[in-house]
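Only one structure is covered here, and it is reproduced in the block below.
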Amino acid sequence: MRCSSTMEALGEALSCPVCLELFTPPVLVLTCAHNFCKQCLEKILIRQNCSHVNGQFCCPMCRKVIYLRGRGIIGLPRNILVESILEKFKDELENIRAQEQNQLSQICEEHGENMNLMCLTDDEPICAICKIFGNHEHHSVAKMSEAYTARKMTFIKDIDLLLQKSEGTVQARKETEKLINELLSSTTDTKVMIDTVGISLLKGIRCRIAELKTKLHKDYSTKLEKLHLVESETEAPRQLYQQMKTLLEQHSNSVQFLQEDKKLRSKMEKLIEGRSLYQDPSKYKISVRRYFEELIRGINIKDYISTTSDDMLATTSDLYEARRPECPAFAFSGESPDQSFCKRVLGLFEKSGSKEQDLFTKASCPDCSSTPGTSIDSSFLKD
């Protein structure tokens with residue numbers, strides 16, 4: 001009790017008369033020997049309108065006039081002794097509070113008595129009243145000192161076991177860290193590999209596409225040139241007929257008729273004896289199947305087929321005719337995915353009777369009974 005009173009008196013002596021709290025360092029001492037927190041003294045100067053370094057103000061305790069003498073509040077001396085005592089006082093105050101808290105932790109909250117028993121049934125400290133009149137009346141108990149000694153020894157053994165377990169896992173932890181590093185390294189290497197090889201594969205596919213487009217353009221140009229010759233050949237009989245009819249109707253004399261007749265007869269003989277270029281129409285067509293097979297050569301198509309492939313093909317508006325009732329739906333049959341998928345893709349380009357003038361015409365679905373065939377629109381080559 002006496003100690004508590006002494007601490008209270010010391011606390012009052014170490015309190016600022018302005019904020020009424022323990023001094024907040026730095027502590028400044030005036031010529032009248034009164035001490036103040038620096039921040040509290042600054043507020044006093046503001047209230048007394050003392051803003052000049054040579055200003056003056058009155059001590060709020062004794063009203064004595066204090067002169068700043070050209071240095072402002074910085075020129076006032078610090079009370080190092082008070083600051084040192086204040087620091088030790090705070091430490092001692094903290095120790096007293098810790099002790100009080102320690103004592104309170106040993107007091108039963110319900111009965112306000114010291115907890116000197118250990119309830120073995122509920123495994124918690126209790127006071128004597130808890131055992132005699134409280135909820136632990138019929139529980140097994142032990143003295144607090146005995147329970148503390150036994151539990152402390154058990155606790156030490158548990159710590160030793162945990163230490164051994166921890167030491168035993170050091171190697172496992174190192175190996176795990178090594179595996180984590182190796183996992184990160186292998187993941188990075190694999191990503192680099194995927195990017196490098198993937199780009200190479202894409203480059204190869206693009207080169208193949210470019211080569212096929214070049215080949216297709218050349219194939220188209222050659223066949224178109226031959227078809228123009230065929231077109232000219234089909235025009236020759238009509239032109240010769242017109243020339244002969246004109247000669248017959250408009251010749252002026254027999255000499256002129258015979259001269260022209262000789263020339264026209266020679267043309268007619270060549271025309272009749274000549275072999276027609278339009279004998280095999282199929283050789284003037286472009287085979288979608290051949291180019292498709294060359295495009296996917298060496299590629300396993302089924303590796304690129306997802307479960308949504310049929311839906312994507314089926315919902316494309318341009319492919320509506322490919323799903324006619326007489327053609328099977330886009331679903332895998334007993335054939336391998338390669339063959340089935342290729343047939344379906346070819347069927348999309350080998351349609352017959354397209355109203356939209358598709359790029360590839362005069363061909364039927366490969367699973368239908370129509371006669372297959374293909375032709376190509378020159379607009380396709382603009383790509």
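The values are calculated or read from the model by the stated rules, or taken from the named source; none is laboratory data. These figures come from a predicted structure and were not determined experimentally. Every residue, glycine among them, receives a Cβ derived from its backbone with ideal geometry; neighbour counts consider all protein chains shown. Note: accessible area is taken over every heavy atom of the protein model, side chains too, but ligands, DNA and RNA are not part of it. Shrake-Rupley method; radii C 1.70, N 1.55, O 1.52, S 1.80 Å.
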Of ASP91, ASP158, the only residue that is assigned to a helix (DSSP H, G or I), at pLDDT 85 or above and either under 30 Å from GLU21 (Cβ atoms) or in contact with a Ser or Thr (Cβ under 7 Å, 6 or more places away or on another chain) (or both) is ASP91
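Out of curiosity, is ARG69 within 22 Å of LEU14 (Cα to Cα), more than 57 Å from the chain's Cα centre (by Cα) and open to solvent by 70 Å² or more (accessible area, probe 1.4 Å)?
Working: within 22 Å of LEU14 (Cα to Cα): no; more than 57 Å from the chain's Cα centre (by Cα): yes; open to solvent by 70 Å² or more (accessible area, probe 1.4 Å): yes.
Against the criterion (within 22 Å of LEU14 (Cα to Cα), more than 57 Å from the chain's Cα centre (by Cα) and open to solvent by 70 Å² or more (accessible area, probe 1.4 Å)), ARG69 does not qualify.
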Only one residue in ALA172, ALA142, ALA147 is assigned to a helix (DSSP H, G or I), farther than 30 Å from ARG290 by Cα and in contact (Cβ under 8 Å) with a residue 24 or more places away in the chain, so which one is that?
ALA147
Is it true that THR6 is in contact with a Lys or Arg (Cβ under 9 Å, 6 or more places away or on another chain) and among the polar types (S, T, N, Q)?
no
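Against the definition (within 60 Å of the chain's Cα centre (by Cα), under 26 Å from ILE299 (Cα atoms) and not in a helix (DSSP H, G or I)), how does ILE286 come out, yes or no?
Numbers: within 60 Å of the chain's Cα centre (by Cα): yes; under 26 Å from ILE299 (Cα atoms): yes; not in a helix (DSSP H, G or I): yes.
When the stated conditions are applied, ILE286 passes them.
Of all residues in region 25-55, how many are surrounded by 12 or more Cβ atoms within 10 Å (Cβ to Cβ), free of Cβ contacts under 8 Å to residues at least 40 places away in the same chain, in a loop (DSSP other than H, G, I, E, B) and not aliphatic (A, V, I, L, M)? Full working, then the answer.
Restricting attention to region 25-55, the residues satisfying the condition of being surrounded by 12 or more Cβ atoms within 10 Å (Cβ to Cβ) are 25-32, 34-45, 48, 50, 53, 55.
From what is left, the residues that are free of Cβ contacts under 8 Å to residues at least 40 places away in the same chain are 31-32, 34, 36-45, 48, 50, 53, 55.
Now drop any that are not in a loop (DSSP other than H, G, I, E, B), which leaves 31-32, 34, 48, 50, 53, 55.
Adding the requirement that they be not aliphatic (A, V, I, L, M) leaves 31-32, 34, 48, 50, 55.
Total satisfying the criteria: 6.
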Just checking, which of ARG97, ARG78 is open to solvent by 90 Å² or more (accessible area, probe 1.4 Å) and over 57 Å from the mean Cα position of the chain (by Cα)?
ARG78
What are the residues in region 1-51 that are over 28 Å from ASN95 (Cβ atoms) and among the polar types (S, T, N, Q), if any?
THR31, GLN48, ASN49, SER51
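Kindly indicate which of ALA147, ALA172 is at pLDDT 85 or above and more than 30 Å from ASN300 (Cβ to Cβ). Don't jump to the end; show me each part of the working.
On the way: ALA172 fails: at pLDDT 85 or above.
Of the residues listed, the single one that is at pLDDT 85 or above and more than 30 Å from ASN300 (Cβ to Cβ) is ALA147.
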Is it the case that some residue within region 110-131 is touching a residue at least 24 places away in the same chain (Cβ under 8 Å) and assigned to a helix (DSSP H, G or I)?
no
Just wondering, is there one or more residues in region 12-29 that are more than 20 Å from ILE80 (Cα to Cα), out of contact with any strand residue (DSSP E or B) (no Cβ under 8 Å at 6 or more places or on another chain) and not polar (S, T, N, Q)?
no
Name the single residue that is nearest to TYR284 (Cα to Cα) among those in region 202-223 being loosely packed, with under 14 Cβ neighbours inside 10 Å and charged (D, E, K, R).
LYS218
Would you please name the residue that is nearest to MET115 (Cα to Cα), looking only at residues in region 130-179 that are of a type in the set (A, V, I, L, M) and open to solvent by 100 Å² or more (accessible area, probe 1.4 Å)?
MET153
